[in-house]
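To start, the structure itself, in structure tokens.
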Amino acid sequence: MSSPITQGDAAEAVIPAQPQYESPRNTIAEWTVTILLLLFGTTTLVQAFVIPTGSMEDSLLIGDHLLVDKLAYSPPGPVSKYFLPYSEAKRGDIIVFRWPTDIKFTFVKRVIGVPGDRIRIENKQVYRNGVPIVEPYKAHKRDNFDSYRDTFPSEPNAGLDEGGRIMLQRHIVNGEIVVPPDAYFAMGDNRDESSDSRYWGFVPRENIIGKPLIIYWSYDASTKQLSSSTPSMEHISDLFRNFFTKTRWRRTFNLIQGYPSKD
């Protein structure tokens with residue numbers, strides 16, 4: 001079972017068929033190699049994560065279990081750059097990254113601004129480089145208006161993390177946030193209920209873990225059930241009793257795609 005937007009691993013290793021005459025020593029050696037390959041794959045290639053909060057609704061739901069490509073944004077090596085699809089994070093990409101405030105926690109958000117972009121929000125509409133951007137994926141689930149959340153940047157009406165305070169102090173030019181080099185401005189699709197770059201600042205390039213590829217399982221669970229790194233007895237009991245009825249079968253194996261922007 002995956003942990004909440006934290007390390008749950010997913011990879012495959014092929015185990016060779018065992019001839020009947022092989023000694024136990026050879027069997028142990030092959031299993032050792034298999035385990036090492038598994039560990040290499042899960043830490044280097046693909047990793048599993050679970051969504052514990054609703055900040056990316058309705059693109060990603062609480063209880064979506066994702067496989068994340070950890071090579072997509074990796075710095076290219078001298079040889080691998082010729083045959084592996086490395087790229088920089090682009091506007092509209094969904095990314096998984098270590099939270100800048102505390103890297104023990106892992107977040108998933110959408111890239112709104114890349115280095116050099118100018119970002120502002122007016123009455124819940126995001127403008128990038130002076131142009132209102134089209135965001136068919138975003139959701140507004142509250143009718144109220146928040147003077148900071150919905151008109152940004154502006155005077156904070158709630159506590160900000162240090163990164164958010166530094167962003168407002170150093171990166172506002174003519175009433176817009178300017179994304180610095182090697183950093184990204186990220187927001188949740190559920191705009192009214194997302195802790196994102198508006199509150200804790202930019203995502204450093206080195207904090208990005210990878211790009212979500214696919215929902216391999218989706219289960220209708222609560223944030224409380226999914227927030228712990230180890231499954232609670234309540235969650236285990238819920239799975240045992242309701243696996244078939246609470247599994248969102250229509251979301252299983254859905255591909256996760258960004259929304260590329262032409263500007």
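The values are calculated or read from the model by the stated rules, or taken from the named source; none is laboratory data. Here the structure is a predicted model, which is why all the values come from computation and not from measurement. Please note: Cβ atoms are built from the backbone with ideal geometry, for glycine as well, and neighbour counts cover all protein chains shown.
Of the residues making up the range 46-76, those that are among the β-branched types (Val, Ile, Thr) and part of a strand (DSSP E or B) are 46, 50, 68. What do you reckon, is residue 136 of a type outside the set (Lys, Arg) and touching a helix residue (DSSP H, G or I) at 6+ places or on another chain (Cβ under 7 Å)? For residue 136, the condition - of a type outside the set (Lys, Arg) and touching a helix residue (DSSP H, G or I) at 6+ places or on another chain (Cβ under 7 Å) - is not met. A count restricted to the range 148-197 and to residues that are free of Cβ contacts under 8 Å to residues at least 24 places away in the same chain and closer than 20 Å to residue 136 by Cα stands at 0. Picking from residues in the range 129-153 that are surrounded by 14 or more Cβ atoms within 10 Å (Cβ to Cβ) and in a strand (DSSP E or B), the one that is nearest to the chain's Cα centre (by Cα) is 139.
Being under 14 Å from the mean Cα position of the chain (by Cα), closer than 13 Å to residue 111 by Cβ, of a type outside the set (Phe, Trp, Tyr) and surrounded by 15 or more Cβ atoms within 10 Å (Cβ to Cβ) is a description that applies to residue 208. Report yes if residue 189 is of a type in the set (Asp, Glu), over 30 Å from residue 147 (Cα atoms) and either surrounded by 13 or more Cβ atoms within 10 Å (Cβ to Cβ) or at pLDDT 95 or above (or both), otherwise no. Spelling it out, it is not the case that residue 189 is of a type in the set (Asp, Glu), over 30 Å from residue 147 (Cα atoms) and either surrounded by 13 or more Cβ atoms within 10 Å (Cβ to Cβ) or at pLDDT 95 or above (or both). The range 172-228 holds strands (runs of 3 or more DSSP E) entirely within its bounds, and those carrying 2 or more residues that are closer than 20 Å to residue 118 by Cβ map to 176-178, 183-187. The set of residues in the range 212-257 being touching a strand residue (DSSP E or B) at 6+ places or on another chain (Cβ under 6 Å), surrounded by 14 or more Cβ atoms within 10 Å (Cβ to Cβ) and aliphatic (A, V, I, L, M) consists of 213, 214, 215, 226, 256. Within the option set 21, 73, 86, being at pLDDT below 95, in contact with a strand residue (DSSP E or B) (Cβ under 9 Å, 6 or more places away or on another chain) and of a type in the set (Ser, Thr, Tyr) holds for one residue only, 73.
Across the range 169-186, the qualifying residues are those that are out of contact with any helix residue (DSSP H, G or I) (no Cβ under 8 Å at 6 or more places or on another chain) and of a type in the set (D, E, K, R), and the one among them that is surrounded by the fewest Cβ atoms within 10 Å (Cβ to Cβ) is 170.
The residues in the range 179-237 that are closer than 25 Å to residue 72 by Cα and charged (D, E, K, R) can be counted, and the count is 6. When residue 101 is tested against (1) surrounded by 13 or more Cβ atoms within 10 Å (Cβ to Cβ); (2) at positive phi, exactly one condition is not met: (2). Note on the range 104-128: among residues that are part of a loop (DSSP other than H, G, I, E, B) and surrounded by 14 or more Cβ atoms within 10 Å (Cβ to Cβ), the one that is nearest to the chain's Cα centre (by Cα) is 114. The number of residues in the range 154-168 being surrounded by 11 or more Cβ atoms within 10 Å (Cβ to Cβ) and in a loop (DSSP other than H, G, I, E, B) comes to 4.
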